[in-house]
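The values are calculated or read from the model by the stated rules, or taken from the named source; none is laboratory data. In this text, all values refer to a predicted model and were calculated from it rather than measured experimentally. Cβ sites come from the backbone with ideal geometry, for glycine too, and all protein chains shown count toward neighbours. Each accessible area value is taken on the protein alone, full model and side chains, heavy atoms only, with ligands, DNA and RNA left out. Shrake-Rupley method; radii C 1.70, N 1.55, O 1.52, S 1.80 Å.
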Amino acid sequence: MGVVLKQSIQNTAVTYLGFLFGAINTLFLYVKILPDAYYGLVTFILASGAILMPLMAFGIHNTMVKYYSNHQEVEKDGFFTLMLLIPLLGIVPLALVVFIWYEPIGDWVSQVNPMVKDYLWYVFFVGLAMGYFEVFYSWAKVHLKSVFGNFMKEVFARIGVSILLILFYFDVITLDSFFKCLVGLYLLRTVVIKLYAFSLRVPKLDFKFPPYTREILSYSFLIILGGSAALILLEIDKVMLNQFISIENVAYYGVSVYIATVIIVPSRAMHQITYPLTAELLNTRNDVGLDKLYKKTSLTLFIASGILFVLIILNLNDLYLMLPENYRNGFAIVFLIGLAKVMDSLLGNINSILYNSKYYKTVLVFGVCLAALTILLNYLLIPEMGLEGAALASFVSILIFNLVKLIFVKLKFGILPFTSATFKVFATLVLLAVLFDLLQFQFHPIINIGLKSLLIVVMYVGILYRFNISEDVTGFLSKWLKKNTP
């Protein structure tokens, strides 16, 4: 775990920095500066673009990681040239569809919120930028250089949004210019990561493609289905809300989801480096190493996501006191989405195992079925329960999907991510949640959040260290204490 731990710590720091700016944007700038309806429109555009991303990338961001290590040095230029061209198979047809059928598509998505119709091309270009960003980012990841790409993904766009919101607040730019610049920001991010990826290894256009190009295309097409299914599980609720209720509610829902999404920061950081390592372990048939990595990533991510979930739930009332009134009714949403994120983290690098294994086709079928279930549940629950219905639909879908993946990996690989330490961490989290739920301070909300969080974290870390629940955590704390002890 040396390389994993080092880059995971760097990626975690970068990702938290990104979420810091994201929190500033989501909880303060957006809600104070942008009208609720237009904040909902931003959420809709970015969520729709994210759903289109797998098609725009044509699955290449996963394909590159899976097949890169199989190539000799002289074959890599041809391989990368193919990786650059394949996304056009998704981009060109989609562009033609939007161009030819813009009016009927626009009428359909704007039945409840007419303003959405004017922004369909914004969705397309955001999806395009996200797709090619992932392609170039994967080129960096296969060279085990994930930190700068993670900075561009998590921090760059959010700093840019902060600047755009401030410019709009001071009337330097108009609302229309804000949306155009938002799209431009994502396109610029793609250009920057392209330059960085090429600096790691400058590829030359070589149209001598790998002999198994057909296999690569087949895998990429299936990854589109898998990637789309995964993003539908994550983003379709924000998109479908637009079809049933006024768009400002998408903003209220988006804020609650963002609060819960903080829980997956450690997971997103660690997966940047564990994905290629998992692929290598599978390619070399290192079953022992795979089992060890599976368990360690599960425990480490559960330790991190579990305490974040507890901190968020226990501090949520104080946090809501700092938000406008319209954004304060999302406790059930935060709880359900947050619990789903903890379940995701608990399964460690399971997605890396599945999508890099020979069983990826079966798993993709599961994903597509569950994506369809997610859409159905949203269709049924949103009209009946509103925002809470969207959250419940996501929670149920993610719970089922995770159970299917867990059972499948157990049956095919004979491994589970859980150890006795997993249950010790769970017991510790329950203890802290019950104990500190009874403790209420009467200070300013920021002081309340800081004080309670400090007490919880100190007790949590103390228990982990005292009982040596995680080797990685204990080792890291021991080194830190040794370094800082006179």
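Below is a table of values for the structure above.
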| item | result |
| --- | --- |
| The stretch 205-253 - residue that is open to solvent by 10 Å² or more (accessible area, probe 1.4 Å), part of a helix (DSSP H, G or I) and among the small types (G, A, S) and, of those, nearest to G330 (Cα to Cα) | A230 |
| Matching residues, the stretch 401-416, being surrounded by fewer than 17 Cβ atoms within 10 Å (Cβ to Cβ) and farther than 16 Å from Y359 by Cβ | L403, L416 |
| Residue in the stretch 17-68 that is modelled with the highest pLDDT, counting only those that are open to solvent by less than 10 Å² (accessible area, probe 1.4 Å) and not in a helix (DSSP H, G or I) | L34 |
| Flag if F426 is of a type outside the set (D, E), closer than 30 Å to N468 by Cα and open to solvent by 60 Å² or more (accessible area, probe 1.4 Å) | yes |
| Meets criteria (under 24 Å from A279 (Cα atoms) and either touching an Asp or Glu at 6+ places or on another chain (Cβ under 7 Å) or modelled with pLDDT under 90 (or both)) for T12 | yes |
| Flag for G184 being in contact (Cβ under 8 Å) with a residue 24 or more places away in the chain, open to solvent by less than 60 Å² (accessible area, probe 1.4 Å) and assigned to a helix (DSSP H, G or I) | no |
| Residue check, L234 closer than 30 Å to S110 by Cα, of a type in the set (A, V, I, L, M) and under 21 Å from the mean Cα position of the chain (by Cα) | yes |
| Where a residue in the stretch 17-41 is more than 16 Å from L167 (Cβ to Cβ) and its partner, wherever it lies, is among the polar types (S, T, N, Q) and part of a helix (DSSP H, G or I), with Cβ under 7 Å and at least six apart | D36/N326; G40/N249 |
| Sole exception among (1) among the β-branched types (V, I, T); (2) part of a loop (DSSP other than H, G, I, E, B); (3) within 30 Å of S352 (Cα to Cα) for I193, by number | (2) |
| Options Y275, Y294, Y253; residue that is among the aromatic types (F, W, Y), more than 30 Å from Y38 (Cβ to Cβ) and out of contact with any Gly (no Cβ under 7 Å at 6 or more places or on another chain) | Y275 |
| Filter result (open to solvent by 10 Å² or more (accessible area, probe 1.4 Å) and either at pLDDT 85 or above or in contact with a helix residue (DSSP H, G or I) (Cβ under 6 Å, 6 or more places away or on another chain) (or both)) within the stretch 271-285 | Q272, Y275, P276, L281 |
| Condition check for L455: over 26 Å from the mean Cα position of the chain (by Cα), modelled with pLDDT of 90 or more and more than 30 Å from A229 (Cβ to Cβ) | yes |
| Filter result (within 30 Å of V202 (Cβ to Cβ), open to solvent by less than 30 Å² (accessible area, probe 1.4 Å), touching a residue at least 40 places away in the same chain (Cβ under 8 Å) and touching a Gly at 6+ places or on another chain (Cβ under 9 Å)) within the stretch 142-181 | N150, E154, V155 |
